[in-house]
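The values are calculated or read from the model by the stated rules, or taken from the named source; none is laboratory data. Since this is a predicted model, take the numbers as computed values, not measurements. All Cβ positions, even for glycine, are placed from backbone atoms using ideal geometry, and neighbour counts span all protein chains on display.
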Amino acid sequence: MLFSSITFLYYFLPILLIIYFIVPSKYKNLVLLCFSLIFYFFGEPVYILLLIGSSLSGYIHGRLIDASRHTPYARVWLISSIVVGLGLLGFFKYSNFFIDNINILFGTEITPLAIVLPLGISFYTFQILSYTIDLYRKEVAVQKNPIDFMTYVSLFPQLIAGPIVRYHTIEHALQDRKSKPEDIRVGVKRFMTGLGKKVLIADTLGEIGLHFQQAQETTVVFYWLYAIAFTLQIYFDFSGYSDMAIGLGRIFGFRFLENFNYPYISRSITEFWRRWHISLGQWFKRYLYIPLGGNRVDLKRFLFNITIVWFATGLWHGAAWNFIIWGLYYGALLLLEKLVLRRYLEKTPNVLRHTYVILITIFGMTMFNAGSLSEGFRNIGGMLLLSDAAFINAETVYVLRNYAVILLLAAITATPVFRLLKERLEHMTIVRRGFAAIEPALLVLLLLLVSGTLIDGSFNPFIYFRF
Amino acid sequence: MKALLTPLLLLVVLLFGMTLSIVTPEKDISEYERRSLKSFPEPTIEKIFDSDYYQEIEAYLLDQFVGRQKLREINTLTRYYLFNQLDVNDTFVIDDILFQKNNPLDESSVKHAADLIQSYQQQYFSENDVYYGVLPDKNYFIPEDGYYPRKDYEELKDILEERLQGITNVPLSEQIDLDHFYRTDHHLDQSRLTGLETYLYDSLGVEVNPPNDYDTTCHSPFYGSYYGHAALPLEADTLCYVENGTIESAYVTRPGSEEQYPIYEESSLEGIDAYEVFLGGLDPIRHVHSPEAQTEKELIIFGDSFANSIVPLLLDGYETITMIDLRYASETAFETHVDVEDQDVMFLYSTMILNDAWALD
């Protein structure tokens with residue numbers, strides 16, 4: 001089920017809210033679990049068994065690790081949990097990629113498996129692993145209640161597209177939480193903001209991609225327009241989803257960590273990755289990069305560590321070479337910054353640093369968005385005047401004009417300008433009261449706009465669902 | 001508790017939307033969008049475990065949502081006024097007239113159409129008087145200096161002239177203007193075309209006394225095919241058709257059947273596409289018989305839906321008009337059901353069809 005669907009907004013959510021806030025506290029996790037499973041079932045009925053199985057595996061491994069504490073078996077059970085988790089992920093997500101490459105390399109004709117990528121498997125697998133690894137490290141206590149543990153794994157707000165919530169983050173809230181009125185208000189506002197970002201901005205920007213794909217003739221400007229539009233679209237799509245997840249979590253009394261912090265205002269790629277998909281970056285840092293030795297090793301090992309981490313980051317996003325190239329591209333850039341560019345960047349004017357990050361990001365997202373490696377290089381070639389495409393034509397001008405305002409609006413909203421302006425204005429009591437007074441009306445209006453767009457539009461799944 | 005005002009208000013709106021959508025009787029069709037609306041997909045054990053089933057449910061809920069048309073209008077107005085977009089769903093409005101964004105000129109498509117016409121002419125009509133007429137589509141009248149994309153109509157005309165040498169062109173661009181079109185549809189309003197028949201008779205060398213006047217019957221509201229795409233609070237069109245004694249006595253037959261159908265299929269006025277009132281809509285091949293025609297001449301028209309509203313105007317001049325829609329009629333069907341004698345032959349196509357002519361075969 002999508003957050004941006006009538007099924008979710010007008011049926012699932014109000015029914016859940018009423019039941020959740022009526023039932024006694026001790027049943028709240030059970031209610032969340034049941035509704036989360038329904039939520040998942042609507043999107044992927046068959047793979048619900050995989051979700052339940054993975055959750056039970058995480059739960060049982062947790063109990064086994066805890067029971068064999070201070071014995072060598074604890075490590076065995078930890079390894080077992082990692083093998084099961086990554087094994088399932090590898091089988092469902094990477095089998096066909098592996099088979100395809102074997103066929104290409106060795107000229108074999110192995111038939112690809114008839115499997116579909118289970119929704120959210122990359123996210124919930126990483127959540128389960130965060131639990132078993134942290135439990136082994138004694139950073140969290142064992143969860144003895146299977147309902148509570150399955151609620152954590154399958155919690156619908158972040159089940160399908162993150163953020164990747166470590167068990168540690170909501171360990172206490174799972175046992176004891178309260179939804180205060182102000183939390184509910186803030187959560188609702190956050191959810192609606194995310195919904196608007198997704199439906200009104202990201203999906204509208206996505207139309208530029210459709211125009212590009214259907215264009216009879218592409219031009220250099222159209223290649224750039226497509227790339228810029230996607231760069232903005234993926235930010236509003238994914239950060240919008242994260243806003244909705246964080247907002248829903250807050251309504252139910254959970255505090256998820258932030259997943260985005262205006263990444264496009266970064267002045268270096270290193271900074272960009274501290275602001276983009278924070279939960280994934282933290283996960284890889286905590287569970288892969290640091291265990292490999294991090295940066296407190298010799299240069300050769302450091303290069304190896306970075307390569308492994310960014311290869312894995314690319315591969316996590318998708319079983320295709322363009323994702324791997326995209327990951328390694330960022331790994332190489334981070335290395336370059338750390339070893340060479342840092343001292344120069346510090347002396348470079350901010351405007352050039354921003355331009356550098358934006359350009360790097362646009363090229364990176366072009367590769368990320370491509371259906372294949374060759375398509376990625378073709379689009380980048382088109383942007384760099386390495387194709388036969390004309391510079392501009394009437395169709396490009398039309399699309400540019402048609403989406404000029406939304407592009408501009410998206411570009412401004414991707415920075416904290418509006419937030420800072422609002423904060424500044426709110427220093428004046430009258431403005432603060434004014435904002436508070438019109439907030440309900442604004443959010444209802446936003447809901448109507450979103451509903452109108454959904455009803456008029458087509459099926460627009462979130463981009464990060466495919467991971 | 002003041003903090004709960006916003007959440008409660010939104011919850012009320014959500015519950016209101018849900019409840020009204022549930023209690024409001026299901027609609028079978030959307031007259032605005034001219035399409036059938038989804039009904040609730042019946043569950044089966046097999047379907048319940050198929051994710052497509054839940055997409056069907058979502059499609060059903062979207063279709064049957066209370067206030068669907070008003071919410072679509074909100075979306076369109078947001079797109080136009082907040083995002084300052086030029087079109088919504090590829091549809092745009094200029095002076096309360098709806099247009100749909102067309103593709104740029106597809107030269108290969110026009111050449112394909114021209115070659116097809118040429119091959120029919122050479123194979124079947126070498127002894128006949130053969131004409132072609134191109135009806136400009138609505139976008140022909142969009143100002144050239146705006147952002148809205150416009151086909152290269154001159155190039156289209158040049159391609160046809162170059163490839164259809166030996167076939168007489170009946171220029172129609174000067175006979176049609178924007179006022180001849182429905183505001184919300186791409187078709188021509190027949191009641192505003194009266195007078196065109198005189199021009200056509202002259203061009204085809206038919207000597208008749210065209211009727212001085214027609215009786216006009218109107219149906220309202222007529223939501224044209226662009227109306228649903230536009231989702232704007234615009235006034236609907238009125239669909240009018242003209243009659244006289246000749247038209248009233250005329251009838252339509254279809255190959256393989258003796259059954260006679262009226263020139264105006266009035267039952268279509270209450271259907272999804274009221275434009276199907278003209279000759280009953282689309283058909284591969286049909287014969288229009290006019291017992292009160294002033295001549296014994298016959299005409300074969302290869303055309304599209306635009307021809308449907310023009311043919312009734314020609315019934316004084318032709319005793320029989322055979323209409324062939326090459327999108328649906330194969331060459332074999334043509335050979336089987338059409339006896340070629342000394343009929344006049346006219347290829348009458350809209351530029352819309354010529355630019356997307358791959359279905360013509």
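Odds and ends about this structure:
- Top-ranked residue of the range A:22-40 - restricted to ones that are hydrophobic (A, V, I, L, M, F, W, C) and farther than 16 Å from A:Pro157 by Cβ, ranked as farthest from the other protein chains (Cβ to nearest Cβ): A:Leu30
- Of all residues in the range B:70-103, those that are more than 16 Å from A:Asp456 (Cα to Cα), at pLDDT below 90 and within 11 Å of chain A (Cβ to nearest Cβ) total 2.
- Among (1) surrounded by 24 or more Cβ atoms within 10 Å (Cβ to Cβ); (2) in contact (Cβ under 8 Å) with a residue 40 or more places away in the chain - the single one B:Ala293 does not satisfy: (1)
- Between A:Glu423, A:Glu439, A:Glu395, the distinction of being within 23 Å of A:Leu200 (Cβ to Cβ), facing chain B (nearest Cβ under 9 Å) and either out of contact with any Phe, Trp or Tyr (no Cβ under 9 Å at 6 or more places or on another chain) or touching a residue at least 60 places away in the same chain (Cβ under 8 Å) (or both) belongs to A:Glu439 only.
- Selection within the range B:14-36: residues that are in contact with a helix residue (DSSP H, G or I) (Cβ under 6 Å, 6 or more places away or on another chain) and either at pLDDT 90 or above or among the hydroxyl-bearing types (Ser, Thr, Tyr) (or both). The member of this set that is farthest from A:Pro45 (Cα to Cα) is B:Tyr32.
- Restricting attention to the range B:151-171, the residues being part of a loop (DSSP other than H, G, I, E, B), touching a residue at least 12 places away in the same chain (Cβ under 8 Å) and surrounded by fewer than 19 Cβ atoms within 10 Å (Cβ to Cβ) number 4.
- Residues that are of a type in the set (D, E, K, R), surrounded by 12 or more Cβ atoms within 10 Å (Cβ to Cβ) and more than 11 Å from chain A (Cβ to nearest Cβ), drawn from the range B:27-55: B:Lys27, B:Glu31, B:Arg34, B:Arg35, B:Lys38
- Answer from B:Ile310, B:Ile301 - the residue that is touching a Ser or Thr at 6+ places or on another chain (Cβ under 9 Å), closer than 19 Å to B:Ser203 by Cβ, in contact (Cβ under 8 Å) with a residue 24 or more places away in the chain and not basic (Lys, Arg): B:Ile301
- Test for A:Gly382: is it small (Gly, Ala, Ser), more than 14 Å from chain B (Cβ to nearest Cβ) and within 28 Å of A:Leu280 (Cα to Cα): no
- Among the residues making up the range A:252-278, those that are assigned to a loop (DSSP other than H, G, I, E, B) and not aromatic (Phe, Trp, Tyr) are A:Gly253, A:Arg255, A:Leu257, A:Glu258, A:Asn259, A:Asn261, A:Ser266, A:Arg267, A:Ser268, A:His277.
- Exactly one residue out of B:Tyr201, B:Tyr241, B:Tyr227, B:Tyr182 is free of Cβ contacts under 8 Å to residues at least 60 places away in the same chain and aromatic (Phe, Trp, Tyr): that is B:Tyr182.
- Taken over the range B:331-361, the residue count meeting the criterion of being crowded, with 22+ Cβ neighbours inside 10 Å and over 25 Å from B:Lys101 (Cβ atoms) is 3.
- Residues of the range A:176-193 that are more than 9 Å from chain B (Cβ to nearest Cβ) and not in a helix (DSSP H, G or I): A:Asp176, A:Arg177, A:Lys178, A:Ser179.
- Checking B:Phe99 against (1) of a type in the set (Phe, Trp, Tyr); (2) assigned to a strand (DSSP E or B); (3) surrounded by fewer than 18 Cβ atoms within 10 Å (Cβ to Cβ), the condition it does not meet: (3)
- When residues of the range A:375-385 are limited to those that are touching a residue at least 24 places away in the same chain (Cβ under 8 Å) and assigned to a helix (DSSP H, G or I), the one surrounded by the fewest Cβ atoms within 10 Å (Cβ to Cβ): A:Glu375
- Meets criteria (at pLDDT 90 or above and within 11 Å of another protein chain (Cβ to nearest Cβ)) for B:Leu4: no
- Test: A:Leu49 is within 14 Å of chain B (Cβ to nearest Cβ), out of contact with any His (no Cβ under 8 Å at 6 or more places or on another chain), buried (at least 18 other Cβ atoms within 10 Å of the Cβ) and not basic (Lys, Arg): no
- Which listed residue, of A:Gly281, A:Gly206, A:Gly249, A:Gly196, is under 20 Å from A:Tyr124 (Cβ atoms), in contact with a helix residue (DSSP H, G or I) (Cβ under 9 Å, 6 or more places away or on another chain), in contact (Cβ under 8 Å) with a residue 60 or more places away in the chain and part of a helix (DSSP H, G or I): A:Gly249
- Considering the range A:398-420, the residues that are free of Cβ contacts under 8 Å to residues at least 12 places away in the same chain and more than 14 Å from chain B (Cβ to nearest Cβ) include one that is farthest from A:Ile228 (Cα to Cα), namely A:Leu420.
- Single condition B:Asn84 does not satisfy, out of (1) of a type outside the set (Lys, Arg); (2) within 25 Å of the chain's Cα centre (by Cα); (3) surrounded by fewer than 20 Cβ atoms within 10 Å (Cβ to Cβ): (2)
- Of all residues making up the range A:346-374, the number that are part of a loop (DSSP other than H, G, I, E, B) and either closer than 20 Å to A:Phe97 by Cβ or among the hydroxyl-bearing types (Ser, Thr, Tyr) (or both): 4
- With respect to the conditions (1) in contact (Cβ under 8 Å) with a residue 24 or more places away in the chain; (2) more than 17 Å from B:Glu243 (Cβ to Cβ), B:Gly317 lacks only one, and its number is (2).
- Lone qualifier among B:Tyr318, B:Tyr264, B:Tyr328 - being over 19 Å from B:Asn128 (Cβ atoms), crowded, with 17+ Cβ neighbours inside 10 Å, at pLDDT 90 or above and assigned by TED's automatic domain parsing to the domain that holds B:Gln121: B:Tyr264
- Residue within the range A:136-147 that is in a helix (DSSP H, G or I) and either in contact with a strand residue (DSSP E or B) (Cβ under 7 Å, 6 or more places away or on another chain) or within 14 Å of chain B (Cβ to nearest Cβ) (or both) present: no
- Taking the range B:281-361 and the helices (runs of 4 or more DSSP H) fully enclosed by it, the elements with 2 or more residues that are charged (D, E, K, R) are at B:331-337.
- Put simply, of A:Ile160, A:Ile201 the only residue that is in contact (Cβ under 8 Å) with a residue 12 or more places away in the chain, of a type in the set (A, V, I, L, M, F, W, C) and surrounded by fewer than 24 Cβ atoms within 10 Å (Cβ to Cβ) is A:Ile201.
- Selection of the range A:98-128 for residues being over 14 Å from A:Tyr47 (Cβ atoms), within 22 Å of the chain's Cα centre (by Cα) and of a type in the set (Phe, Trp, Tyr) yields only A:Phe126.
- Among the residues of the range B:104-123, those that are charged (D, E, K, R) and more than 8 Å from chain A (Cβ to nearest Cβ) comprise B:Glu107, B:Lys111, B:Asp115.
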